[in-house]
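The structure appears right after this line, and notes come after that.
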Amino acid sequence: MTVWIAIALTAVGCYLVKLLGLAVPAGVLERPLLRRLAVLLPVALLAALTAVQTFGTDHGSLALDARAAGLAAAAVALLLRAPFLVVIAVAVAVTAALRALGG
Amino acid sequence: MNGSAIPAPQAAPAANPDAAPTTAPPPRDTAPPDDRRVVRDALGVGVAVGLSGFAFGVTSAGAGLSVAQTCALSLLVFTGASQFALVGALAAGGNPLTAAAGAFFLGVRNAFYGLRLGQLLRVPRRVRPLAAHWIIDETAAVALAQDNRRAARLGFTVTGAAVYLLWNLTTLLGALGAGALGDSRAWGLDAAGPAVFLALLGPMLRTFAERATAVLAVVLAMALLPVLPAGLPVLLAALAAPAVLLLDGWRSRSADARAGARGEARTVEERMVEGER
C-alpha cells in the first residue's frame, strides 16, 4: 500500500511540474538572460544525471566500476558520430563484457 | 543539430503573422528530406530509450515492486530518472514520502524543459494537458535541436509517441522477464540510462558556455552525491547554469568597450572562444 502511495504522489507531482512549465506565458522567456538560462539548464541537468548514474551507487556513495568503462566507450562512439542507438549499445555491451570478465 | 537546414522560402510573408522578431518564422513548407531526418532522429531516440525501459522494468521488479506497480510508474510518471530514483529509494527502505520527494525533485527539471518548449512549440491550449505528459529529457532534446517550429513539433510528437509506446512496452517485458534474466547488472543494462543521457547531452555541447556548464554540473553532482539524499545532488547541480551565465555576464561586460550590443548571444560566445586562445 505504501508503494502505491509513493507512486501516486510521484505521478501527480511529476505531471504538475510538467504542466506548469508548459502553461507559463511565453512573454516570461522574452528576456535574453532567461532564454540563455533555459538553454543551459538542460545541459547542467543531463550532465549531472549522466555522472550520478555512472558513478553513483544504491547507497548514495561513489564507485568506479564497469559502468564507467561502458560510458567512456559510449563517449568515444559519440565523438565518432555513431548513431544514437549504437552509442547506447556500446555502453551496455562494454559494461556487460567487463562484468563477464570478472569486473 | 547539423546546421544544414534549408532557409524557409519567404513566398507569402504577409500571410504569416507569427513571424516574431525573436525567432525564425516557422516555415510551412519545409523540404520533405528535412522531415525524414527529424523522424529518423526521433525514432532513433525512441528505440534507444526502449532499451532503458527494459532496464527499468527489470530494476523495478528486482526492487520488489509488482508488475502492476512497475507498469503504473511508466504509464503515469513517465520520466525515467524519477522512476529509477523512486524505485531505488523504495528498495533501500525509504518511506513513501521521502522516496516520492526525491523522484519529484528529479522531475522538476521537466518544468524548465516545458518553459522552453512552450515558446518553441506554441502548443494549443486544448492539447496542453496531453502534451505536458510527454515533456521529458528525450522529447525536449530532440525538439530543441531543431531549427524551426515545424521540425520541432514533428520531433516532439514522433519522439513522444515512440518513447511512450516503447518505454511502456519494454517496462512490461522487463518486469515480466526479470525472473528469467537474473541479475540485470550482469547484462550491463544499468549503463543504458546514463548512456541515454550522455547521448542526449553530446550534441548540446557546442559553445564554451555549454561545456563549462556541463563540467561544473558534473563536479557539483559528484561532490554533493555522498552527502545529500537521492535527487537533490542533480537538482543543485543545475545551479551550474546560472553560475556560468553570471561569469559570462562579467566577461562580456568587460569586453563591451570593443563591440556593440548587436547579436548579443552569439558575440558573447565568440568573445569567450577568443579569450581561450
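For this structure, a couple of remarks:
- Tallying residues that are part of a helix (DSSP H, G or I) and either closer than 11 Å to B:Gly188 by Cα or more than 7 Å from chain B (Cβ to nearest Cβ) (or both) within segment A:78-87 yields 2.
- Beta carbons closer than 9 Å, at least 6 apart along the sequence or on distinct chains, pair a first residue in segment B:234-248 that is in contact (Cβ under 8 Å) with a residue 12 or more places away in the chain with a second that is part of a helix (DSSP H, G or I) and of a type in the set (D, E, K, R) for B:Val234/B:Arg109; B:Leu235/B:Arg109; B:Ala238/B:Arg109; B:Ala241/A:Arg36; B:Val244/B:Glu210; B:Leu245/A:Arg36; B:Asp248/A:Arg36; B:Asp248/B:Glu269.
- Residue count, segment A:43-76 (criterion: crowded, with 23+ Cβ neighbours inside 10 Å and acidic (Asp, Glu)): 0
- Members of segment B:52-70 found to be touching a helix residue (DSSP H, G or I) at 6+ places or on another chain (Cβ under 7 Å), facing chain A (nearest Cβ under 10 Å) and surrounded by fewer than 22 Cβ atoms within 10 Å (Cβ to Cβ), listed by number: B:Ala63, B:Gly64, B:Gln69
- Condition check for B:Ala191: modelled with pLDDT of 95 or more, part of a helix (DSSP H, G or I) and buried (at least 24 other Cβ atoms within 10 Å of the Cβ): no
Rundown of residues vs (1) farther than 20 Å from A:Pro32 by Cβ; (2) at pLDDT below 80, yes/no style:
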| position | (1), (2) |
| --- | --- |
| B:Ala221 | yes, no |
| B:Leu224 | yes, no |
| B:Ala237 | yes, no |
| B:Asp248 | no, no |
| B:Ser252 | no, yes |
| B:Val268 | no, yes |
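- Number of residues in segment B:171-188 that are crowded, with 24+ Cβ neighbours inside 10 Å and assigned to a helix (DSSP H, G or I): the value is 3.
- Test: residue in segment A:52-75 that is facing chain B (nearest Cβ under 7 Å), under 30 Å from B:Gly249 (Cα atoms) and out of contact with any Ser or Thr (no Cβ under 9 Å at 6 or more places or on another chain): yes
Residue-by-condition table, conditions (1) hydroxyl-bearing (Ser, Thr, Tyr); (2) at pLDDT below 90; (3) outside any loop (DSSP other than H, G, I, E, B); (4) over 22 Å from B:Gly80 (Cα atoms):
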position: A:Val28; (1), (2), (3), (4): no, yes, yes, yes
position: A:Arg35; (1), (2), (3), (4): no, yes, yes, yes
position: A:Leu46; (1), (2), (3), (4): no, yes, yes, no
position: A:Val76; (1), (2), (3), (4): no, no, yes, yes
position: A:Ala89; (1), (2), (3), (4): no, yes, yes, no
position: A:Ala93; (1), (2), (3), (4): no, no, yes, no
position: A:Arg99; (1), (2), (3), (4): no, no, yes, yes
position: A:Gly102; (1), (2), (3), (4): no, yes, no, yes
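- Count - residues of segment B:224-242 that are over 24 Å from B:Ala89 (Cα atoms) and more than 9 Å from chain A (Cβ to nearest Cβ): 0
- In segment A:58-103, residue nearest to B:Leu200 (Cα to Cα) [restricted to those that are of a type in the set (D, E, K, R) and touching a Phe, Trp or Tyr at 6+ places or on another chain (Cβ under 9 Å)]: A:Arg67
- Selection status of B:Leu73, assigned to a helix (DSSP H, G or I) and either modelled with pLDDT under 95 or more than 10 Å from chain A (Cβ to nearest Cβ) (or both): no
- Counted residues, segment B:234-251 - those being more than 19 Å from B:Tyr113 (Cα to Cα) and crowded, with 18+ Cβ neighbours inside 10 Å: 1
The values are calculated or read from the model by the stated rules, or taken from the named source; none is laboratory data. Keep in mind it's a predicted model, so treat the numbers as computed, not measured. Here the Cβ is made from the backbone with ideal geometry for all residues, glycine too, and neighbour counts use every protein chain on show.
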